[in-house]
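Nothing in this text is a laboratory measurement; each read-out follows from the coordinates by a stated rule. Keep in mind it's a predicted model, so treat the numbers as computed, not measured. Heads up, the Cβs are rebuilt from the backbone with ideal geometry, glycines too, and the neighbour counts pull from every protein chain shown.
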Amino acid sequence: MTEKERLLNETHQQFMETGLNSPEKLGIMDHLTSPDLMGFGTTIDERIFSVADLKSLITRQREQSQGMEIVWTINPVLRKVTHGGNVAVYVDEITLELTVNNEKIKIALRYSNVLEYRDDKWVVIHFHGSKPENVATEEDTWGIEEWKTKNAALEKLVKERTAELEKSLIELKATQAQLIHSEKMASLGELTAGIAHEIQNPLNFVNNFSEVNSELISELVDEIDKGNTAEVKLIAADIKENSGKINHHGKRADAIVKGMLQHSNISSGKKEPTDINALSDEYLRLSYHGLRAKDNSFNATMKTDFDPSIGNVNIVPQDIGRVILNLISNAFYAVNEQSKKGIQGYLPTVEVGTKRTGNKIEVMVKDNGNGIPARVLDKIFQPFFTTKPTGQGTGLGLSLSYDIVKAHGGELKVDTIEGECTIFTIELNVTG
Ligand SMILES: Nc1ncnc2c1ncn2[C@@H]1O[C@H](COP(=O)(O)OP(=O)(O)O)[C@@H](O)[C@H]1O
Ligand SMILES: [Mg+2]
């Protein structure tokens, strides 16, 4: 071995040792490298264009590996000297064994050094370190197999998640349909109880007056037998008047039954000129008696303030009726809750009113319940939003009401003062 070869091995050895093992001797790098040294490390930012760069890279690596025990071995792969013995390429495979928290990690590195003989000494002019990735086969230089496996796993995951989502969507739709149904049934139940109560009243008239009439007819026959024509005429007039009353109350019962049929969606749902005052009044009473039928401790004052100038409004009566019913039920619920608090002198009151201004009509439902807290207010029109205990609310009343009013080209608005009152207003436009 010539002195030049010995020097070459020594320079390479010192360069590797300082880089891997002895950063405290970093100063030596000034002698072992060319000032325009260039090098590529294994990470993206490891690009070296000077000795200073190299020194700071080694310092950084040292900081990162603090507290780790590192053992390294070098296996020479290539030793080549060319260009008249003045340029050398040294290639090594290095194995680093790190011990971190009692765990051994093995890292393989590939390392190439290019050295040049200048001014009687060898200096490193270029190096490249690389860390071979875990690749599947010799042919898998770019680690494509790993990407494929990852992609396949991702695709599988996406398929699974999609299937799960589809399943929950179907379940959600079923639940939604069921809830809409139960909201309809609940309001129908309330309505039916109210209707039964309402029908009772005209039926009482019909029964009473028909009994009175049959007594009057017996009297009439007696008077005919006696030939008392003047008395006969008087009794006949009474019978006629009573029969008029029977007819009147029979028609009332008839109208109530028709209303019930309309609410259960048997009718067509066409717009028709509707006396909105009568409709509101009717639903107010039906709702009240419906609630009373369920809970006879329930009590509230009903007030009405109808604008007589309102005339007939072109609406789908059973739909707007349902909105009014929903608003009134919510209002009764609110005042009932408030009255349970036992506040001295509290008078639960629900008021329904109408107003016409130009081509705009308004139906207002006002209650002096607890009001709607600000944090709840922007959610009340959302489907399924409810603050009521399970079984008492579906959270669909206001969302359905909102949709119905929108479908009529109108607006459903709410004003509330916490602890004092709530006013819901249906605004509709009447053309002409
Ligand atoms: N008059 C009212 N006073 C206070 N809160 C109300 C009133 N009307 C509606 N709310 C609130 O809006 C929520 C949603 O109402 P709604 O859609 O009718 O569903 P539900 O009556 O089934 O709860 C109620 O749970 C309640 O919190
Ligand atoms: Mg409701």
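Among 153-163, 316-326, 359-369, 412-422, how do they line up from the highest to the lowest mean number of other beta-carbon atoms within 10 Å?
Ranked by mean Cβ neighbours within 10 Å, highest first: 316-326, 359-369, 412-422, 153-163.
Protection proxy ranking, highest mean first, for peptides 276-288, 41-53: 276-288, 41-53, where packing is the per-residue count of other beta-carbon atoms within 10 Å, averaged.
Remark on the chain: Rg and Dmax equal 46.9, 164 Å (Cα only).
Whole-Hz Karplus values for region 364-376 come out as 10, 10, 10, 9, 9, x, 7, x, 10, x, 4, 5, 9 Hz, taken residue by residue from phi with 6.51 cos²θ - 1.76 cosθ + 1.60 and θ = phi - 60°; glycine and proline positions read x. One equal scatterer on each Cα of region 205-244, no solvent, Debye formula: the resulting log10 I(q)/I(0) at q = 0.19, 0.28, 0.31, 0.35 Å⁻¹ is -0.48, -0.86, -0.98, -1.12.
Ranked by the mean number of other Cβ atoms within 10 Å per residue, highest first, peptides 6-18, 371-383, 63-75 order as 6-18, 371-383, 63-75. Between 0 and 90 degrees, the angle of helix 51-64 with respect to the longest Cα principal axis of the chain falls at about 60 degrees. Here is the tail figure for region 355-432: Cα pairs spaced more than 21 Å apart come to 33 percent of all pairs. The equivalent ellipsoid of region 271-432 has semi-axes of 26, 18, 15 Å, largest first, where each one is the square root of 5 times an eigenvalue of the Cα gyration tensor. Relative to the longest principal axis of the Cα atoms of the chain, helix 229-263 runs at roughly 10 degrees. Across region 3-130, Cα-Cα distances exceeding 18 Å account for 53% of all pairs. Each residue of region 79-90 is assigned a 3J(HN,Hα), and the resulting list reads 10, 9, 10, 10, 6, x, x, 10, 10, 10, 10, 10 Hz, derived from the Karplus form 6.51 cos²θ - 1.76 cosθ + 1.60 (θ = phi - 60°), x at Gly and Pro.
Within region 3-130, DSSP assigns beta bridges of which about 90% are antiparallel (rounded to the nearest 5).
Taking the 0 to 90 degree range and rounding to the nearest ten, how far is the long axis of helix 3-20 tilted relative to the main principal axis of the chain, both from C-alpha atoms? Helix 3-20 and the main axis of the chain meet at about 20 degrees.
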